[in-house]
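Bear in mind that the values in this text are calculations on the coordinates, not laboratory data. Note that the structure is predicted; figures quoted are calculated from it, not measured. We place every Cβ from the backbone using ideal geometry, glycine too, and count neighbours over all the protein chains shown.
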Amino acid sequence: MFHIVENRKWYFLLSALVIIPGLIAMIYSLVTFGAPFRLGIDFTGGSLWEVSFPQPVQSLDVRAVFVQNGYPDTLATSVGDTKTAEIRTKPLDEIARQKLLKAMQDKFGSVNEIQFSSVGPTIGAEVTQAASLAVVAMALVILVFLILAFRRAPNPFRWGVSAVVAMIHDLLVTMGVFSILSLFLGWEADALFLTAVLTVLGFSVQDTIVVFDRIRENVPKYRGEPMRRVVDRSLLETLHRSLAIHLTALFVMAAILIFGGATIKPFIAVMLVGITTGTYSSIFNASQILAGWDEGDVLGLRTQGQIEAPKASLAS
C-alpha cells in the first residue's frame, strides 16, 4: 500500500512555502495601504456617475475608457436601453472628472451627464467585523460539531482541532495569494472577494469532514492497526472521489478565469485558489495532523523506527 502519512513533513513544508510569502505580502500591504490587500470601492467608497449616450454602448467599453485613464477598479453597468451607464469609481475631483468626460466624448460622441455624486462604502467596518466574527464562530461551531459527531472515535477533540487548523490554513493561503496578486496585478478586494472567502471556508470544512468520516469508519474495521495505516487506507479510498469532484470544478473556473471578463477574474481566482487548497488541506494537512498527533509527532520529524507502538485506544 502506498504510504501518504509518512511524508507529512513535506506536505507541511509545502504549505509553509505558500503561506509565508503570503503573510509577507499581507504585512507589506498593511504597512503600505493600511489593509492586507488593496481595497476596492466597495470598502473605501468613491464616486457614482450616471451618463447617457446617443447610441447603445456596452458597459465593458465604458469601463475600458476608465481603465485606460488609470482607474482599473471602475465598475460600469448598462441601464435600461443600454444608452445609459451607471459608473462607480474612485473619488474624482473636478479635473479628473472633466478629463474622463472628454475621454468618453472622444470615444462615444455626445455624452450627457445625468448625475454625479460621492458615495460611501457598501461594505463598512461593521460588515467586515461581522465577517471576521463569522469565521471565528464557524471555527468554534466546527470544533464542537466534530467533537460530538466523532465522540465514539478515539480522542474526538483532536478531530475537531485538526479540521479547524486546516480551515485556518486555507484562509491564510487564499488571502496570502490574493495579497500577492493585489500587489503585482493591482487587484482590489470587493464584495465578491468577501463572498468567495466565506464560500471557500465552507468547501474546506466539507472536504475535511468527508475524509474524516471515512477514517472514522475504518478505525473499528482495522482494529489493532496504528492510526497512520488507517489514515493511509482512508485517504486512498477517498482520493479518487475528491479529485474527480474538484477537478471538474477547477477546470470550469480555470476556463472562466482565462476567458471571462476582467471584473469577475479576482472572484474566480479566489475560488480557484480556495478550492485547490481546500482539497489539498483535507488530504495532506488535516488527516496528517490527526495521524501525527496520535503518534506524538505531528510534524513527522522522527524516523519510522522511532515511532511509538500503536495505542491501545485504537483497538478498543
Problem set entry | R0 of 35 Å, Cβ-Cβ distance Leu101-Ala137: FRET efficiency to nearest 0.05 | 0.15
Exercise. Residue-wise, which Karplus ³J(HN,Hα) couplings in Hz belong to segment 144-156, taking 6.51 cos²θ - 1.76 cosθ + 1.60, θ = phi - 60°, and x for glycine or proline?
Worked result: 5, 4, 5, 4, 6, 5, 10, 5, 8, 7, x, 6, x
Exercise. What order do you get for 10-21, 197-208 when each peptide is scored by the mean count of other beta carbon atoms within 10 Å, highest first?
Worked result: 197-208, 10-21
Exercise. For segment 140-241, what relative contact order do you get, as a whole percent, if you take Cα pairs closer than 8 Å and at least 6 residues apart?
Worked result: 23 percent
Exercise. Just Ser132, Ser47, Ser282 to compare: in a GNM of the chain, with alpha carbon springs under 10 Å, which one fluctuates most?
Worked result: Ser132
Seminar exercise, completed: Projected area averaged over all directions for the convex hull of the alpha carbon atoms of the chain, nm², comes out at 18.8 nm²
Exercise. 222 nm [θ] for the chain, helices only, -39500 (n - 2.57) per DSSP H run of 4+, per residue, to 500?
Worked result: -22000 deg cm²/dmol
Seminar exercise, completed: Distance in nm between Ser110 and Trp10 label points, each 7 Å along Cα→Cβ, equals 7.0 nm
Seminar exercise, completed: Relative contact order in percent for the chain (Cα pairs under 8 Å, 6+ apart) equals 24 percent
For this session: Please list, or write none, the lysines whose alpha carbon is within less than 27 Å of the alpha carbon of Lys265, excluding same-chain residues fewer than 8 places away.
Result: Lys83, Lys90, Lys107
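Against the empirical 2.2 N^0.38 Å scaling, what ratio does the C-alpha Rg of segment 46-119 come to? Each step should come with its number before you reach the end.
Details: Rg = 10.8 Å, N = 74, 2.2 N^0.38 = 11.3 Å.
Compactness ratio reported: 0.96.
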Seminar exercise, completed: The farthest towards the positive end of the charge dipole of the chain, of the residues Tyr222, Ala16, Pro56, given +1 on Cβ of Lys and Arg and -1 on Cβ of Asp and Glu, is Tyr222
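Given 0.36 nm per residue, what is the gain on full extension from Thr77 to Val210 after removing their alpha carbon distance, in nm?
In short, 43.8 nm is gained.
Just tell me the longest site-free run in the chain, where the sites are trypsin sites (Lys or Arg not before Pro) in a DSSP loop having at most 12 other beta-carbon atoms within 10 Å.
Longest run free of exposed loop sites: 1-150.
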For this session: Please identify, among Ile256, Ile168, Ile215, the residue showing maximal mean-square fluctuation in a Gaussian network model of the chain using a 10 angstrom Cα cutoff.
Result: Ile256
Exercise. Taking Lys9 as the anchor, which lysines have their alpha carbon closer than 17 Å to its alpha carbon, excluding any fewer than eight residues away along the same chain?
Worked result: none
For this session: Round to the nearest 10 and give me the degree value, 0 to 90, for the angle of helix 59-68's Cα axis relative to the longest principal axis of the chain.
Result: 90 degrees
